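A short worksheet on the structure shown next.
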Amino acid sequence: MTRRKKLYEGKAKILYEGPEPGTLIQYFKDDTTAFDATKKAVLEGKGVINNRISEFIMTRLAGIGVQNHLIKRLNLREQLIREVEIIPLEVVCRNIAAGSISTRLGIPEGTPLPRSIIEFFYKKDELHDPLVTEEHITAFNWAATQEIDDILAMTLRVNDFLTGMFSAVGITLVDFKIEYGRIYEGDFSRVILADEISPDSCRLWDSTTNEKLDKDRFRRDLGNVIESYTEVARRLGIMKEMPTVIQGGITGGAS
Ligand code: UDP
């Protein structure tokens, strides 16, 4: 693998300098963390599956006009992406109560919500990513009012599209987390979708059995994490290229 400058290493991904100015390479690791990285594991092949699933979803979102940072997938673990100025928010969209909204508001997990609910969390590990409101976001200049409006509209479009896409393959989209970044075009800036969309960042339940096919399998020690991620990829019709990776346990960087 060519030597290139590492710009940032997160819990599940690494960002390297890209081949052109304004581009980066996003590398998907097998590392998996939960509960503010107090729980950790290496799940062989996870990065390969998430790279592929995220590419599939981002490509389809671009197809319906949701601009995002993906330029193209480069190999098993890497994508060429546009460099963005990350907005320090985790944007969560929920259709069914689960996880933190269930504990915070006392809503039993699995309760359908009266309508899709979008929540903002401030990306700050030391503070455990606290829930924030639009008041905080504008007061502290994390995003402008117009940017929040764009984020809300895009997130609802993503939700509608993904809900339909997953439902067609027997999967219920319970909730998901996405992140946005700014790109500059002359004097103007625009908000586009960034990061990844994968079973690490969504809650996906089998529509018939309600079996979890996402990161909750890791968080809650349910086992078969990789098998469940692979099942999501298989149902989306993107499994063909992957069986050898999963069975053979390729862990190193791709070509
Ligand atoms: N999520 C994520 N990264 C985080 C926190 C949450 O991708 O740092 C995703 C999570 O997988 C779920 C959704 O966001 O699909 C909502 O998570 P929640 O607020 O319920 O938090 P959790 O119960 O995961 O702590």
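We did not get these values from a lab; they are worked out from the coordinates using the rules stated. Worth saying up front: this structure is predicted, and the values here are computed from it rather than measured. Cβ atoms come from the backbone with ideal geometry, glycine included; neighbour counts cover every protein chain shown.
Here are the numbers for the structure shown:
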quantity: Cα gyration tensor shape of region 36-87, rounded if a/c is under 1.5, else prolate or oblate by comparing a/b with b/c; calculated: prolate
quantity: Loop GluC sites (Glu not before Pro), region 136-228, which have at most 10 other Cβ atoms in a 10 Å radius of their Cβ (DSSP); calculated: none
quantity: Region 87-218 - Rg over Rh from alpha carbon coordinates, Kirkwood radius; calculated: 0.98
quantity: Dimensionless Rg/Rh of the chain - Kirkwood Rh, Rg from C-alpha atoms; calculated: 0.94
quantity: For region 49-133, the Rg and Dmax computed from alpha carbons only, in angstrom; calculated: 16.1, 44
quantity: Point-to-point label distance, Thr38-Arg104, nm (Cα→Cβ direction, 7 Å offset); calculated: 1.9
quantity: Distance in nm between pseudo-label sites at Arg220 and Glu85 (7 Å out along the Cβ direction from Cα); calculated: 4.1
quantity: Separation in nanometres of the label points that stand 7 Å from Cα toward Cβ, at Thr145 and Ser207; calculated: 4.1
quantity: Nonlocal amide H pairs with Glu196, under 5 Å, H built at 1.01 Å; calculated: Glu179
quantity: Spread of Cα-to-Cα distances over 5 Å intervals beginning at zero, given as percent, for region 1-95; calculated: 3, 12, 19, 23, 23, 14, 5, 1, 0
quantity: For region 36-142: lysine pairs under 24 Å (alpha-carbon distance), excluding those fewer than 8 apart on one chain; calculated: 6
